Amino acid sequence: MSQLSVNVELQRNAFHFSVNCTIPKKGVTALLGPSGSGKSTLLRIIAGLEKPDRGLLSSDSHIWYDSQKKIMRGPQQRRVGLVFQEYALFGHMTVSANIGYGVHRSIRKALVRHWLQRLELQNYAHDYPAQLSGGQKQRVALARALAHEPDVLLLDEPFSAADPTLRVHLRQQLKAVVQSLNIPVVMVTHDLDDIHYLADHVGVIVRGELYEFGTLTDVFNNPTTRQAAQALGWQNFLAVQSISSDSVSGKWGRLKLDREISPDTDWLTIRPEHIRLTRQNSSSDSLEVSIVESIVNGAVRILYCRLPDGNCLVVHRPWDEPVPAAGETTHLYFPQAFLRALADAGQAHKPITASHENNNLTSRTTA
Amino acid sequence: MATGAWENSTNGFIMTMNDWQAMSLTLQLATLTVIILLALGTPLAWWLSQTRHRFKVVVETVTALPLVLPPTVLGFYLLVLLGAHGPLGGFWQSFTGAPLAFSFGGLVIASCLYSLPFVVQPLQNAFERLDRRAIEAAWTLGASPWWTFLTIILPQGRRGFLTAIVLGFAHTLGEFGVVLMVGGNIPGKTQVVSIAIYEHVESFNYTAANNLSLILLAFSFVVLFIVYAINRRWYSGVAA
């Protein structure tokens, strides 16, 4: 098993990219972030398709890039399996030829047969990519990358070309394959469902910097920056104007806190499902809001509530729970355990230096 | 007068030794020109398709010049360059003892320059349309740049190569002004078909001019027909 260490910097015009992390030896590490944040750049750097300006990149004892020693191994020398966003199959070759492209002639036949069988592509061995469905193309791209017997598997938005129904099916297939691999798997995606289904570890890249990195549960429950929290699906943000020892306040009002928070805090956040409705103003751990809209989506009722400063909060309640009608006023109660303090990325908080060995990866500002 | 010459010379489809030599020389010239231009034009077209260098536009302009320059202008400068007192011609003569102007070697150089854009531009267009990710995928699968060229770039850019070959070949077949300026009209040495046709017309031998013209016409039609047919097949085929 190999471990991938990445500590690289790159400057392209105004875009600064700086990532320092160790990708675990086994399991899927998902990289999440807004468009243009540099997720795919990291994959390209690992694959050797992009040369960083500075840093070190190694897979176990093999150094792939070292700016000090002026080492830059090309993509041909790295043994990386890369599944491109829209598969990048060789259109003039059959499925078999695609899968066997990177395999030595002496073992090509056996490996191609193995991967055709493994990914249920036997019936399409002599077809061309143009004759395949989206799901079949994805399987060919995966088989081609794995037949090469890579030390690292990189997946760049592997489901972006699939419709929602196919996406569910493809996720299941991919999970079955990658679970049996003993190599680091790095997946770039912006889809939270992909991450919840496939990932063991998550990194959040914002504006070219790695801001969160850790286990799936830890990163999703404890974001540290607003930009990372947004990428992770957090929706409610209260701008903080002043912080005292037991409370925070903004244009939206004041909330009591049972702990001290960092003076760098710019935002308070809470997940929609953790906010409760109360008709009484229970002192300073609730805020008065007016209901703007109430929508039932399956078993969840989604409430859009307007704060005194005009901003909206999203609240999720069980569909059958009685709630005030649109236009009525109510109070939202924020349980202390679920409130998180965030900073703005790139301002007070520095991006983290992450290592899988150190599980306490995120420099939390709240308890 | 012209009609008389036509009537006097309608003795059937007869070609003189000079005509055959002109035909043979033209085919040799066109073939050699295309081979040289593919060897030189492919890396140039690749560079033009990939680079963001500030001199790219200069190189593109120079490459396209033969498209707009009158052949006599290009021919004149080539004559100066390749002549016994020209920089290239002088060097060549001191090295080999033979002149470059009014020789087959001079014709090849002139043809290569004159047909350069007809080979480079289709190749450049083809390279710009290539699926960059497929090339990168080949690299990550261990393919060397040369192997990637043979197995990915060449097959994916085959229509561009076919167009470049046909345009380069056909354009060389039809050269007149540049060839006349640089090579003159020496039968068996520098006289190509287009000049032989001109000479036949000048001497009112319309049958001979017609014979050569018909061969060129038929040849051009057949070549273009085959190219379009192949292109159509590649375009609609599953492997396209």
> Cα centroid distance between the stretch B:26-41 and the stretch A:89-151, in Å?
Replying inline: 39 Å
> Which one of B:PHE169, B:PHE149, B:PHE127 has the biggest mean-square fluctuation once chain B is modelled by GNM with Cα springs under 10 Å?
Replying inline: B:PHE149
> In the stretch B:99-146, what residues drop by 50 Å² or more in accessible surface going from the chain by itself to the full protein assembly, probe 1.4 Å?
Replying inline: B:ARG133, B:GLU136, B:TRP139, B:THR140, B:LEU141
> Quick one: putting +1 on the C-beta of Lys and Arg, -1 on the C-beta of Asp and Glu, what dipole do you get for the stretch A:135-274 around its Cα centre, in Debye to the nearest 20?
Replying inline: 360 debye
>> At 1.4 Å probe radius, can you tell me the per residue accessible area of chain A in Å²?
In response: 44 Å²
>> Just to be sure I understand: with springs between alpha-carbon atoms less than 10 Å apart, which residue in A:ALA239, A:ALA326, A:ALA228 has the highest mean-square fluctuation in the Gaussian network model of chain A?
In response: A:ALA326
> Under 5 Å between amide H atoms, partner at least 5 residues away or on a different chain: which partners does A:LEU154 have, H built in plane at 1.01 Å?
Replying inline: A:GLY81, A:LEU82, A:VAL83, A:VAL186
> Once the other residues with Cβ under 15 Å from the Cβ of A:SER106 are scored (Lys, Arg +1; Asp, Glu -1), what is the net sum?
Replying inline: +3
> For the stretch B:1-130, which whole percent of the accessible surface, found with a 1.4 angstrom probe, sits on carbon and sulfur atoms?
Replying inline: 69 percent
> Longest span of chain B, sites excluded, free of trypsin sites (Lys or Arg not before Pro) in DSSP loop with at most 13 other C-beta atoms within 10 Å?
Replying inline: B:55-240
> What are the ³J(HN,Hα) values, in whole Hz, obtained from phi via the Karplus relation 6.51 cos²θ - 1.76 cosθ + 1.60 with θ = phi - 60°, for each residue of the stretch A:320-329 in sequence order, with x given for Gly and Pro?
Replying inline: 9, 6, x, 10, x, 6, 4, x, 7, 9
> If one takes the accessible area of chain B alone plus chain A alone and subtracts that of the pair, with a 1.4 Å probe, what total in Å², rounded to the nearest 100, results?
Replying inline: 1800 Å²
> Given charges of +1 on the Cβ of Lys and Arg and -1 on the Cβ of Asp and Glu, with all other atoms neutral, how large is the dipole of the stretch B:15-239 about its Cα centre, in debye to the nearest 20?
Replying inline: 780 debye
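Would you mind telling me the share, in percent, of accessible area of the stretch A:58-148 contributed by carbon and sulfur at probe 1.4 angstrom?
Here carbon and sulfur together make up 45 percent of the probe-accessible area.
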> Using θ = phi - 60° and the Karplus form 6.51 cos²θ - 1.76 cosθ + 1.60, what ³J(HN,Hα) does each residue of the stretch A:69-76 get, whole Hz, x for Gly and Pro?
Replying inline: 8, 6, 9, 9, 7, x, x, 5
> What accessible area per residue, rounded to a whole number of Å², is obtained for chain B using a probe radius of 1.4 Å?
Replying inline: 53 Å²
> Once both axes come from the Cα atoms, what is the angle between helix B:87-96 and the longest principal axis of chain B, in degrees from 0 to 90, rounded to 10?
Replying inline: 80 degrees
> What is the total of Lys pairs in chain A with C-alpha atoms under 18 Å apart, excluding same-chain pairs fewer than 8 positions apart?
Replying inline: 6
> Under the classification rounded if a/c is under 1.5, otherwise prolate if a/b is larger than b/c and oblate if not, where does the stretch A:260-316 fall, given a ≥ b ≥ c as square roots of the Cα gyration tensor eigenvalues?
Replying inline: prolate
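I need the shape label for the stretch B:15-239. Rule: rounded when a/c is under 1.5, else prolate if a/b > b/c, else oblate, with a, b, c from the alpha carbon gyration tensor.
oblate
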> Among the residues of the stretch A:97-136, which ones have their accessible area go down by 10 Å² or more when all the protein chains sit together, as opposed to their chain alone (1.4 Å probe)?
Replying inline: A:TYR101, A:GLY102, A:TYR128, A:ALA130, A:GLN131
> Which of A:GLY102, B:SER94, A:GLY208 sits farthest toward the positive end of the charge dipole of the protein assembly as shown, with +1 on the Cβ of Lys and Arg and -1 on the Cβ of Asp and Glu?
Replying inline: A:GLY102
> Along the charge dipole of the protein assembly as shown, which of A:MET93, B:MET17, A:VAL315 sits closest to the positive end, that is, farthest toward it, with unit charges on the beta carbon of Lys, Arg, Asp and Glu (+1, +1, -1, -1)?
Replying inline: A:MET93
> So for chain B, taking the charge dipole from beta-carbon charges (+1 Lys/Arg, -1 Asp/Glu), which of B:LEU81, B:LEU167, B:THR42 sits furthest toward the positive end?
Replying inline: B:THR42
>> Suppose every Lys and Arg Cβ carries +1 and every Asp and Glu Cβ carries -1, with no other charges. What dipole size does the protein assembly as shown come out with about its Cα centre, to the nearest 20 debye?
In response: 980 debye
> Where is the GNM fluctuation largest for chain A (alpha-carbon springs, 10 angstrom cutoff): A:VAL188, A:VAL289, A:VAL219?
Replying inline: A:VAL289
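Where a ≥ b ≥ c are the square roots of the eigenvalues of the C-alpha gyration tensor, would you call the protein assembly as shown rounded, which needs a/c under 1.5, or, failing that, prolate if a/b is larger than b/c, or oblate?
It comes out prolate by the Cα gyration axes.
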> Under the rule of -39500 (n - 2.57) per DSSP H run of 4 or more residues, summed and divided by the residues of chain B, what mean residue ellipticity at 222 nm is obtained, to the nearest 500 deg cm²/dmol?
Replying inline: -24500 deg cm²/dmol
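For every helix of n ≥ 4 consecutive DSSP H residues, a contribution of -39,500 (n - 2.57) applies; sum these over chain A, divide by its total residues, and give [θ] at 222 nm rounded to the nearest 500 deg cm²/dmol.
Helices in chain A give a 222 nm mean residue ellipticity of -6000 deg cm²/dmol.
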> By how many degrees, between 0 and 90 and to the nearest 10, does the Cα long axis of helix A:105-118 differ from the longest principal axis of chain A?
Replying inline: 40 degrees
>> Give me a comma-separated list of calculated 3J(HN,Hα) values for the stretch A:191-203, in order, Karplus coefficients 6.51, -1.76, 1.60 applied at θ = phi - 60°, integers in Hz, x for any Gly or Pro.
In response: 9, 5, 5, 4, 5, 4, 7, 10, 7, 9, 10, 9, x
>> Can you tally the net charge around B:ARG233? Count Lys and Arg as +1, Asp and Glu as -1, for every other residue whose Cβ sits under 13 Å from the Cβ of B:ARG233.
In response: +3
> Which net charge results when you count Lys and Arg as +1 and Asp and Glu as -1 among the other residues whose beta-carbon is under 13 Å from that of B:ALA208?
Replying inline: -3
>> What's the longest uninterrupted piece of chain A once you rule out the trypsin sites (Lys or Arg not before Pro) that are loop residues per DSSP with at most 13 other Cβ within 10 Å?
In response: A:71-250
>> Rounded to the nearest percent, how much of the accessible area of the stretch B:132-240 (1.4 Å probe, protein heavy atoms only) is carbon and sulfur?
In response: 71 percent
>> Using alpha carbons only, how many angstrom separate the centre of the stretch A:188-267 from the centre of the stretch B:119-160?
In response: 45 Å
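The values are calculated or read from the model by the stated rules, or taken from the named source; none is laboratory data. Small disclaimer: the values here were computed from a predicted structure and weren't measured. Neighbour counts run over all protein chains shown; Cβ positions are idealised from the backbone, glycine included. Accessible surface areas use protein heavy atoms only, side chains included; no ligands, DNA or RNA. Shrake-Rupley method; radii C 1.70, N 1.55, O 1.52, S 1.80 Å.
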